[in-house]
Amino acid sequence: MDKETYFLQLLQQSGVTYQITDDCAWLSPLLYNQKQNGIKNTKSYIIAADSFIENIHFRIQHTTYNIQQHIAYRAIKRYTYPNQWLSYENTAKKAFLVNISDILSSGALPKYALLAIVLPKTLQKEQIKAIVSGITQICQTHRIQLIGGDTMCGNELAFHITIIGDLIGHYLHRNAIRNGDLLAYTSMRKGDLGNSLKTLRILLRYGAQINTIPHNCIESANIYSRFALPFLRIQFLKKSHRLLHACMDISDGLANEIKRLESQNKLAFTPLSNLQKRVYQSGEEYELLFSFPPKHLHALQKIAHTTRTRLHVVGKFGRYKPHFFHIIKWHT
């Protein structure tokens, strides 16, 4: 048993937890108390907290270096930098996007954010400006208001983010899978899962190529795109949430997520397609993984087409019989 599982089991045994099997929490008890006190509130809120920490989720260089000089030498030498996976701006963007992904996959849209950030003492003013720029762009794009948090100095850069979202329909709790549900995930229109794992292996072995790594990465065929800045399926979820029973994002790899869903729902997953090993293992894809009744398959395929999303049906849930996938641990 790994330390994370052991820690969560001890917490659950302590009696102080309430439904911590999901990445998000539905604030329904708070809304119930408001109604009891005569306060009319028709909105439902989802809250999620996540951390994005240097040398666990990313690597970054704090000392100053001349990128332009390295680019000038690219014709002579293909220069790589092992400790600079992303720019400071994109690191801040990804820190927020991975948290927004949790909110989105629960069936909500982000509204407010709290940020506790640890800034290394060696950080330069230009690097701080880049971090603020990344935060600003994401908050403006997703209409998020930053309402508080904490700032402190430390040895490594770290983002601890809490986001509150408005539920747009019913709560897509990952424990809501039903017997007979199909399981599917999304991807870019002409692609599949696997690029994040490939990119991570390149970064770990060779480092980032400073002259080619994107600083403003969108969904594209670029090898770094899925790992650098996740593309969130907002339009697909807005149109499809009413057809789904459960949903989550793929952050720890498809095999890990399926194993987790089997355990939490006490149902067995039966594969309906043969997928490559890299597809099952690739984490940090942040694509949607969801269950739905078979009768909604055609409607979901139409939504996927109109939102330029590819839909992959991978299996079906039935009576519980555990399967054993070869999995790798993404976050330790």
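Here, each number is a calculation from the coordinates, and none is a lab measurement. What you see is a predicted model, and the numbers here were worked out from it, not measured in a lab. Quick reminder, even Gly has a Cβ in these numbers, built from the backbone with ideal geometry, and neighbours come from all protein chains shown.
Any of K238/K295; K238/K259; K121/K198; K259/K316; K93/K316 with alpha carbons more than 24 Å apart? Name them for me.
K238/K259; K121/K198; K93/K316
In region 74-210, how does Rg compare with the Kirkwood Rh, expressed as the Rg/Rh ratio over alpha carbon atoms?
In region 74-210, Rg relative to Rh is 1.04.
Within 10 Å, count the other beta carbons around each residue, average over each peptide in 153-160, 142-149, 249-256, 9-16, and list them highest first.
Highest to lowest by the protection proxy: 249-256, 153-160, 142-149, 9-16.
State the extension gain, in nm to one decimal, for the chain segment bounded by I234 and F7, taking 0.36 nm per residue of separation less the distance between their alpha-carbons.
Using 0.36 nm per residue and subtracting the Cα-Cα distance, I get 78.4 nm.
Just how far, in whole angstrom, is region 96-145 from region 225-263 if you go by their alpha carbon centroids?
Using only Cα atoms, the two centres lie 20 Å from each other.
Among the aspartates and glutamates, select those whose C-alpha is under 20 Å from the C-alpha of K129, and discard any that sit fewer than 8 residues away in the same chain.
E54, E89, D150, E156
Which of I138, G194, H173 sits farthest toward the positive end of the charge dipole of region 138-212, with +1 on the Cβ of Lys and Arg and -1 on the Cβ of Asp and Glu?
Sorting the options by dipole projection puts first G194.
Run the simple label-point estimate for L200 and R260 please: 7 Å along Cα→C-beta, distance reported in nm.
Here the modelled spin labels are 1.3 nm apart.
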